[in-house]
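The values are calculated or read from the model by the stated rules, or taken from the named source; none is laboratory data. Note that the coordinates shown come from a computational prediction; the quantities given were computed from them, not determined experimentally. Note that each Cβ is placed from the backbone with ideal geometry, even for glycine, and that neighbours are counted across all protein chains shown.
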């Protein structure tokens, strides 16, 4: 389930990895237009066809996401759908057929439906209720039944349905009366993993037996923490889960369903993000969040040995998918200088093959900058990790303006990886420090909880001390530093401009919260299972917490804003309603402060369409050039 949690002096400091710029002399690089940066291709998915000769992916090379097939033998990519309005996201092939499944909403409203694309080109909405939100859950072991979740019965709760590939008629399989989050189902449909949120840093894990109707708690009532189901064994004897109970970082556990025995399978000094077994359980895949970058561990379950495969230079393996035959592995690999690309690896021949090239050939990777992990001390001595991008032309003789970038959330994380927008800013001479303020995920349970009911205070100070870190760099103009962020990062931007109006010269708020009282009262109904946990972290707007929520909402302090602000907003945003941006823009304008405001009628909480990114982000640069760096005219 998408959630708001998903919504976000250097001399005395040290780098946690090699400084990629430390010995580089300043150099002039070619500047590229926003249009050139968005000729890059975003590609995701990568589902194996039944004969394992093709991969089904989503790609936005037409401007929005459509379905494509990539032929493994020659790498030829064939466009399957030709939507020019809504983005289609691949969900896989119907097993044993060439039929395809994909997800799509309407204009970014997040009401995803599951669609069946037949071989004759006809399409069937398998979840046709107008107010329904659905997602694929699993296939039965015989691959003839599809399990999926839907909230059509009750907008607040997701039930489990099953449908046969023979007639595609849906039948309710599990009615979720208690509003738990469905997190897994066994191949025979008998065992269901359910999670109940307590706080944003604590939940409970349950196992429901559809045959006996028995509900059993798997999480330890004493050892509190996060528990996340991670799949069932094929024989139904085991359930794996990931937890950080009694420790700072999440580890992998195997639970014996019949005996109740729990065995720790894997643990490291970073969070285990996910784990699963391949179709016939030959391989186990474990993804690790290692200091803002993915680390992948693949184990041969029979020998217990790690599987070695060729290293991809500067590559960050974002995701993998092992084919049912367990002969092939698809890898989605990104770098800080190029968007994700698709690779395939043959376990038998040991050959790694690249199937896509997503960076616009007009752009030289040498002109882009590598992301660098840095750390700095905040106001209270707490060490704050961040991802840093230094322009090639920056030097003491050519001081550059800079931006503090704040991720979404609360509880998100800035990570090493490619961003066309960030590279566009850096290519145009802006240093960017993407801070992982206290409350960010990936750095331990204690760090994650540090901003609970403290938003707009210590987390904001972490951003301000990030600004001070930038000011200590002898190639940064200390008087030209702004703040920018999306979603929760947009909130932090407006909090900075409202509560500490002298700190940042400009602020760019992208889809950001400005009135917590309204946002927390108007969250989408399908977040009901998460509502209590969200209120526990941020505050309940229907209680005395409303006073604090009022005090940390920038809208009610907009009269303090004294520096230029830019706001981007999607009309169909179900999380941060347009009225929030309308009101903050109106309020700031009363201060005679420059305000630029762009509303996108066909977007939700974030950009999907390239044309909108080009317009929005192109105008952001023009705004920054005018008010932070120099003079520029805003684009139409």
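Tabulated results
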| quantity | calculated |
| --- | --- |
| Close pairs (8 angstrom Cβ cut-off, 6 or more residues apart or separate chains): at positive phi and assigned to a strand (DSSP E or B) in region 90-105, at pLDDT below 95 and surrounded by fewer than 18 Cβ atoms within 10 Å (Cβ to Cβ) anywhere | none |
| Residue in region 254-268 that is nearest to residue 210 (Cα to Cα), counting only those that are under 29 Å from the mean Cα position of the chain (by Cα) and assigned to a strand (DSSP E or B) | 255 |
| Residues satisfying the stated conditions in region 555-585, i.e. in contact with a strand residue (DSSP E or B) (Cβ under 9 Å, 6 or more places away or on another chain) and part of a helix (DSSP H, G or I) | 578, 580, 581, 582, 584, 585 |
| Matching residues in region 364-384 - criterion: being within 18 Å of residue 335 (Cβ to Cβ), part of a loop (DSSP other than H, G, I, E, B) and in contact with a strand residue (DSSP E or B) (Cβ under 9 Å, 6 or more places away or on another chain) | 368, 369, 370, 371 |
| Unique match (being part of a strand (DSSP E or B), under 27 Å from the mean Cα position of the chain (by Cα) and at pLDDT below 95) among 182, 198 | 198 |
| Failed item in (1) touching a strand residue (DSSP E or B) at 6+ places or on another chain (Cβ under 8 Å); (2) outside any helix (DSSP H, G or I); (3) farther than 26 Å from residue 466 by Cβ, with residue 528 passing the rest | (2) |
| Looking only at region 413-438, and only at residues there that are in contact with a helix residue (DSSP H, G or I) (Cβ under 6 Å, 6 or more places away or on another chain) and farther than 20 Å from residue 619 by Cα, the one that is surrounded by the fewest Cβ atoms within 10 Å (Cβ to Cβ) | 438 |
| Contacts under 7 angstrom Cβ, first residue in region 462-474 being within 24 Å of residue 439 (Cα to Cα), partner in a helix (DSSP H, G or I), 6 or more apart | 463/492; 463/496; 469/10 |
| Scope region 439-472; condition under 18 Å from the mean Cα position of the chain (by Cα) and on the phi < 0 side of the Ramachandran plot; matching residues | 440, 441, 443, 448 |
| Residue match in region 610-622 (condition: surrounded by fewer than 17 Cβ atoms within 10 Å (Cβ to Cβ) and in a helix (DSSP H, G or I)) | yes |
